[in-house]
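Notes follow the structure.
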Amino acid sequence: EQPSVEGARSVKIADIWHASPLAVVGVIACGLGQSAFFALGVIFGLAMGLPLVWVSIMMALPPFGVILSQYPIGWVSDRIDRRTIIMILAAAAAVVPAIILAGGYYVSWFMLIALMTLFGIVSLPVYSLVIAHANDHLRKEQVLGASAKLVLLYGVGSIIGPILAGSLMSEIGRAGFLIFMI
């Protein structure tokens, strides 16, 4: 059921922080990581030696994977503490680029695409989970106002993410992308 506009009120970021610090930090982190992933993933794929058509496939599969994973992850998070699921997914999302980084030049194209897809499957649902966590801890009349502020915070992270990741890649090469994702 969609939130009612009646009784909705403005919410300050401090109010959201008080209700769910995880949501505030989480949406900024998701903005940082997801924007860098989609902005610089192509450059990373090309730097790994993939032909452009395979880079396109590599970048298309993570959103497809999250379509398949979103429902089961949401179902589990409705039954287990969302913070636990967020921590598990965030840890898995850090492990995947660490595996790629450890493999270096020896990661095959197929393995790289599979791991990047897995990265999308475990990292992209985190945004929805932190929003759900915020909604779990806000009063009904705060949800609509908080949604606007959380999208704003995600946007701030989205602006900064590619700049930071791009700077890291400029300094240390393609490994900078993976280090940023970790």
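Restricted to the stretch 79-108, and to residues there that are touching a residue at least 60 places away in the same chain (Cβ under 8 Å) and surrounded by fewer than 17 Cβ atoms within 10 Å (Cβ to Cβ), the residue that is nearest to residue 182 (Cα to Cα) is 94.
When 134, 90 are checked against the criterion of being closer than 17 Å to residue 66 by Cβ and either over 13 Å from the mean Cα position of the chain (by Cα) or among the hydrophobic types (A, V, I, L, M, F, W, C) (or both), a single residue qualifies: 90. State which residue is nearest to residue 178 (Cα to Cα) when the search covers only the stretch 53-78 and only residues that are open to solvent by 70 Å² or more (accessible area, probe 1.4 Å) and at pLDDT 95 or above. So, considering only residues that are open to solvent by 70 Å² or more (accessible area, probe 1.4 Å) and at pLDDT 95 or above, the one nearest to residue 178 (Cα to Cα) is 54.
Would you confirm whether any residue within the stretch 123-134 is touching a Pro at 6+ places or on another chain (Cβ under 7 Å) and surrounded by 15 or more Cβ atoms within 10 Å (Cβ to Cβ)? There is at least one residue in the stretch 123-134 that is touching a Pro at 6+ places or on another chain (Cβ under 7 Å) and surrounded by 15 or more Cβ atoms within 10 Å (Cβ to Cβ). Just one of the listed residues (168, 153, 118, 112) is assigned to a helix (DSSP H, G or I), surrounded by 18 or more Cβ atoms within 10 Å (Cβ to Cβ) and in contact with a Pro (Cβ under 9 Å, 6 or more places away or on another chain), namely 118.
The values are calculated or read from the model by the stated rules, or taken from the named source; none is laboratory data. From a predicted model like this one, the values you see are computed outputs, not experimental measurements. Heads up, the Cβs are rebuilt from the backbone with ideal geometry, glycines too, and the neighbour counts pull from every protein chain shown. Accessible surface is based on the protein model in full, side chains and every heavy atom, while ligands, DNA and RNA are left aside. Shrake-Rupley method; radii C 1.70, N 1.55, O 1.52, S 1.80 Å.
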